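Below: one structure, written as structure tokens.
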Amino acid sequence: MCMLEDAKKQALELICKHECFHSLFLTEHLAFPSPQTSNKKPRKTPADKAVGPARGRGKANGVAQHNGDGGDPVTLFEVVKLGKSAMQSVVDEWIESYKQDRDLALLDLINFFIQCSGCKGTVRIEMFRNMQNAEIIRKMTEEFDEDSGDYPLTMPGPLWKKFRYNFCEFISVLIRQCQYSIIYDEYMMDTVISLLTGLSDSQVRAFRHTSTLAAMKLMTALVNVALNLSIHQDNTQRQYEAERNKIAGKRANEKLELLLQKRKELQENQDEIENMMNSIFKGIFVHRYRDAIAEIRAICIEEIGVWMKMYSDAFLNDSYLKYVGWTLHDRVREVRLKCLKALQNLYTNRELFPKLELFTNRFKDRIVSMTLDKEYDVAVEAIRLVTLILQGSEDALSNEDCENVYHLVYSAHRPVAVALHEHAAYLVDSLWESSQELLKDWECMAELLLEEPVQGEEDRQESALIELMVCTIRQAAEAHPPVGRGTGKRVLTAKERKTQIDDKNKLTEHYIMALPMLLSKYQADSEKVANLLQIPQFFDLDVYSAGRMEKHLDALLKQIRLVVEKHIEADVLEACSKTYSILCSEEYTIMNRVDIARSQLIDEMTDRFAHSVEELLQEEADDDDIYNVLSTLKRLTAFHNAHDLTRWDLFGSCYRLLKAGIEQGSMPEQIAVQALQCSHYSILWQLVKITEGAPSKVQDSVRVVKSFLAVCQQCLSNVNTPVKEQAFMLLCDLLMIFSHQLVSGGREGLQPLVFNPDSTLQNELLNFVLDHVFIDQDDENEEDEANKIEALHKRRNLLAAFCKLIIYDIVDMPAAADIFKHYMKYYNDYGDIIKETLSKTRQTDKILCAKTLILSLQQLFNELLQDQGPNLDRTSSHVSGIKELARRFALTFGLDQIKTREAVATLHKDGIEFAFKYQNPRGAEFPPLNLAFLEVLSEFSSKLIRQDKKTVHSYLEKFMSESMSERREDVWLPLISYRNSLLFDVYMVNIQRQPSPCVRFPEESSVEGSWLMRNDTLPTPGALQTPQLTSTVLRENRPAEHMPDPDSEPGSENDFVHK
């Protein structure tokens, strides 16, 4: 009888566990799903599933979970909030707990979302077992602190800003790590989606805001999974078709069956993911994109823009675009901005234009009207979007639409005007076919500009007219659209060529006479003058002599001279210098006339400069003396850029100024900057003369270059940052120019001019980069966004200049270790530059590059030891950061283990030696001081081939004592894990005892003999004897075809090596 009763109880429990309870109302009866049986059934929505019982209590996420029974252990929320652990490690721990007890792991995850909303309540195991979803949410609502409206997503301070990032990253990493198994178990995802759907419908703002953000990030991660599945499906289908089309004798039926099975599994997974995405979209997005809270609406619009760009085949259609179009009318600025930026990301890709055609026609009026938005930043983004639409399709906007935008060039708000001003050439090009006669009416334009101005807005109108006039002249003279418009230069037809010649003659004949008058009128306005001085480069200069118009040439030269004497702005002086250079072309008969005028101008400026320098160096300089030297030097520097002024010996005066500044320490920074630049131009012109046939001056140039390099090196320690930056850039440029490549191509006579930087100079350059490039943005919080971008651009140029020296074997490769170690921390700012440097150095020398990578990790490890002492906390975010960097480095080695075999083995050798380098002063029973580094080195074990793992393990055992292999304490775990990473494959081979299908290597091919006995571990950068390497300019080892690495991270080496 007892047995019968027990059987009934078990049957009842099974029914409760597996039966689904349907609900009619989503909000009131939404419940957590129960585990499904192994037989596939049609997927039900999360709202249709009921609560399943939990199987007991235990540990979730590796620690005891606080469920109200006392104690105060660390929760998943606290781990993510503090962000001290790598997110992948946090997720991996949760996955392990899920595999052990998925109910308790899900309970941990449920409480994570509840606590992230700012709720102090905790869902207990009995609540999870017995209560409906809506009841649980109602219970948690009662636990809120009514005295405060703040919750983690709205709290101020750097900790909570970081929390938002960590929160989103956790969700993304969770889906990424679960995408191959757990998300298809019809339990975990259904539970999470059910919870988020219920929370997103709550009256509590904190629940609604937090759950919407989580759901949208969850959806984005699922979209990425769906995209990958779609790609795999296409690849599998192609493989199946290729195999099926083979003749019967060569067709592998087993392979066909495997491909069919794989295609079926992929399709089932795709259906599962689409059901999940459909649940999130219909259950959360369609309700929350019009939420009363603007932040929630903005989140929805931002993420749907990501989906449409990421997976355009599935999401870029009118069914999804309409939500963005409707939200363009949102009353809150932030939401409208998100709409415009989402659309910009789509219109940037011209391949997507056909899919955007209906949307453009439906919403273009609203987009054009937003260029007049009361919020200026919205208006700026609207103008940029209109410009993108116009660039992609000239027919997308009517003339009336364009006219509504044109007048904004006169906007009092400068960014709005600039947003259009930058694209004047594209506006001209768009109107070229329909309004050529109007655009080519240069006589009318010149007459309007030469008229007496009317008070009011005339100045801005004149600037706009000059800009448009110059653009029309360029379009007519060059006969091709501006950069980015069209498919490249095409061959002109005979008719188009004739039109181009006629237009060029017409504009030349008119502006030969009009340009001097225009320059005379506007000579005080630097912006207008700089634009007007572009016109002569489009002239047919033969017209001056053929039409006997030399008097107009003299008038032009006179006006240019006046402009030079009046202005010191760089863009104006560069325009004047370029105009002289064009007019001095040897192919034209006017060359002698222009050369005389130019020489007279240079004579006067050099005399004035020499006199001003003498006064500045001999007397107590006042402001007038400083201005005289600076203004004249700026003019001469601008001219020296495009003209050979070596016969005026400007280098001597500039060198005196620089030496005086170094010795006295009082030279104004702008004078020093200009003197450095002018000296640089002088050296380059001397080199041009030598290469063109003046070898007798080689020794003079050697002396000049040596002295200037020494001055630049001294300027690196100048107190003024602009001087140091200028000296650094010039040093990098000159070391590139006067490197070993100077003598290539039969120029052995230039060997005396080859300069190789010594270790002192290399270290100074490296220290400059570390001090001025790798700096925290927090130091610049007071700067506006434009200044921040400009400062970042300058730092990128500094880093790129130094990295080129490493790539071309001018600076020793080990110096790159100090660059590589910043890869993760400064990935957003310099990641592309560092990856390209890594790629090029590996092409030069794989082994030396590998040694440099391990050196960078050793440097980070040493820095950590100095900060924390010998007792490292291996769970800290710093250690996790080094391991993550090692993992990224390992991914760059790719899949071809044969090519990287010796390099990876050498890397392990250096890592082992470093780990055992220093014995523990407390005795042999304690681990070596650097032993924890083996945990970092384990990240590279997967890149060793099986034979080399055995060799590396043998090398490791040479450093181990007998007692070490028997130790099991926590401090010895790095050694244990590293040994396991080397022994696992060998162990599996012994179990299987089957021949391996991989490539066999003869015994003599083992790398043991090639690296085991080496003693070439890298010392500190600068002390290494760099081997003779072939420049990457002369040789690039690239395979004809490249197989993508599925283990490689997006944006890893494979993305930029083979381009």
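Enclosing the Cα atoms of segment 755-857 in their convex hull gives a volume equal to 97 cubic angstrom per residue. Fraction of C-alpha pairs exceeding 18 angstrom in segment 870-946: 47 percent, rounded to a whole number.
Which whole-number percentage describes the relative contact order of segment 225-373, with Cα contacts under 8 Å and a sequence gap of 6 or more? Spell out each step's value before the answer.
On the way: 101 pairs, mean separation 26.9, N = 149.
So the answer I get is 18 percent.
Shown are 451, 935, whose ranking by accessible area with a 1.4 Å probe and every protein chain present, most to least, is 451, 935.
Under the classification rounded if a/c is under 1.5, otherwise prolate if a/b is larger than b/c and oblate if not, where does segment 636-750 fall, given a ≥ b ≥ c as square roots of the Cα gyration tensor eigenvalues? Prolate shape, in that a/c is at least 1.5 and a/b is the bigger ratio. Here's the list of lysines a cross-link from residue 504 could span, going by alpha-carbon distance under 25 Å and ignoring same-chain residues fewer than 8 apart: 440, 489, 495, 521, 528, 551, 558, 578.
Each residue was assigned an accessible area with a 1.4 Å probe, and for residue 491 the value is about 130 Å². A probe of 1.4 angstrom, applied to the heavy atoms of all protein chains, finds residue 336 with accessible area near 10 square angstrom. Report, to the nearest whole %, how much of the accessible area of segment 816-966 belongs to carbon and sulfur atoms, 1.4 Å probe, protein only. Carbon-and-sulfur percentage of accessible area, whole number: 49. If only the Cβ of Lys and Arg carry +1 and only the Cβ of Asp and Glu carry -1, the dipole of segment 804-850 around its Cα centre is close to 140 debye. Could you work out, for segment 653-720, what percent of all Cα-Cα pairs fall into each 5 Å distance bin, beginning at 0 Å and stopping at the bin that holds the largest distance? Histogram of Cα-Cα distances, whole percents per bin: 3, 16, 28, 21, 14, 9, 6, 3, 0.
Shape annotation for segment 205-255: C-alpha extents along the principal axes are 67, 15, 8 Å, from largest to smallest.
Give the accessible surface of segment 178-231 per residue, rounded to a whole number of Å², with probe radius 1.4 Å and ligands, DNA and RNA excluded.
Working: 1270 Å² over 54 residues.
That works out to 24 Å² for each residue.
Surface composition of segment 154-254: carbon plus sulfur atoms hold 52% of the accessible area, using a 1.4 angstrom probe and ignoring ligands, DNA and RNA. Other residues lying with their Cβ under 15 Å from the Cβ of residue 691 contribute a combined charge of -1, Lys and Arg counting +1, Asp and Glu -1.
Once you order the gyration tensor axes a ≥ b ≥ c over the Cα atoms, which shape class does segment 82-126 get: rounded for a/c under 1.5, otherwise prolate or oblate by comparing a/b with b/c?
Oblate, since a/c reaches 1.5 and b/c is not below a/b.
Computed over protein heavy atoms with a 1.4 Å probe, the accessible surface of segment 770-898 works out to 42 Å² per residue.
Across segment 100-185, Cα-Cα pairs farther apart than 15 Å form 67% of the total. Segment 874-936 and segment 828-867 have Cα centres separated by 13 Å. Using a simple spin-label model with pseudo-atoms 7 Å out from Cα toward Cβ, residue 395 and residue 737 lie 5.2 nm apart. Note on surface exposure: 571, 330 rank 571, 330 by accessible area, highest first, 1.4 Å probe. Cβ-Cβ distance of residue 176 and residue 968, R₀ of 41 Å, FRET efficiency by 1/(1 + (r/R0)^6): the value works out to about 0.80.
Dividing the alpha-carbon radius of gyration of segment 153-247 by the rule-of-thumb value 2.2 N^0.38 Å gives 1.50.
Sum up the charges of everything whose Cβ sits under 14 Å from the Cβ of residue 563, counting Lys and Arg as +1 and Asp and Glu as -1, but leave residue 563 out. List each step's numbers first, then the result.
On the way: positive: 521, 528, 558, 561, 566, 578, 598, 634, 635; negative: 525, 527, 565, 569, 571, 574.
Neighbourhood net charge equals +3.
Debye-formula intensities of segment 546-601, expressed as log10 I(q)/I(0) at q = 0.23, 0.25 Å⁻¹, are -0.92, -1.05 (one equal scatterer per alpha-carbon, no solvent).
Per the 1.4 Å probe, what fraction of the accessible area of segment 495-598, in percent, lies on carbon and sulfur atoms? The partial results should precede the final answer.
Numbers: 2320 of 4850 Å².
With neighbouring chains kept in place, the figure for segment 495-598 is 48 percent.
Dipole of segment 496-619 (Lys/Arg Cβ +1, Asp/Glu Cβ -1, origin at the Cα centre): which of 583, 529, 510 lies farthest to the positive side? Positive-most Cα among the choices belongs to 510.
Heavy-atom accessible area per residue, segment 594-688, 1.4 Å probe: how many Å²? It would help to have the intermediate numbers written out before the result.
Details: 4170 Å² over 95 residues.
On a per-residue basis, segment 594-688 sits at 44 Å².
Expressed as a whole percent, the proportion of Cα-Cα pairs in segment 217-356 lying more than 20 Å apart is 56%.
Kindly identify segment 320-394 as rounded, prolate or oblate by the Cα gyration tensor criterion: order the square roots of the eigenvalues as a ≥ b ≥ c, call it rounded if a/c is under 1.5, otherwise compare a/b with b/c, prolate if a/b is larger, else oblate.
Working: a/c = 1.83, a/b = 1.43, b/c = 1.28.
Prolate.
When you restrict to C-alpha pairs under 8 Å that are six or more residues apart and normalise by the size of segment 647-792, the relative contact order lands at 19 percent.
Evaluating 6.51 cos²θ - 1.76 cosθ + 1.60 at θ = phi - 60° for every residue in segment 159-169, the Karplus couplings come out as 4, 7, 5, 5, 4, 4, 5, 5, 4, 5, 5 Hz, glycine and proline recorded as x.
The values are calculated or read from the model by the stated rules, or taken from the named source; none is laboratory data. Remember, predicted model here, so these are calculated numbers, not experimental data. Counting neighbours? That spans all protein chains shown, and the Cβs are built from the backbone with ideal geometry, glycine included. For the accessible areas, the whole protein counts, side chains as well, though only heavy atoms, and no ligand, DNA or RNA atoms are used. Shrake-Rupley method; radii C 1.70, N 1.55, O 1.52, S 1.80 Å.
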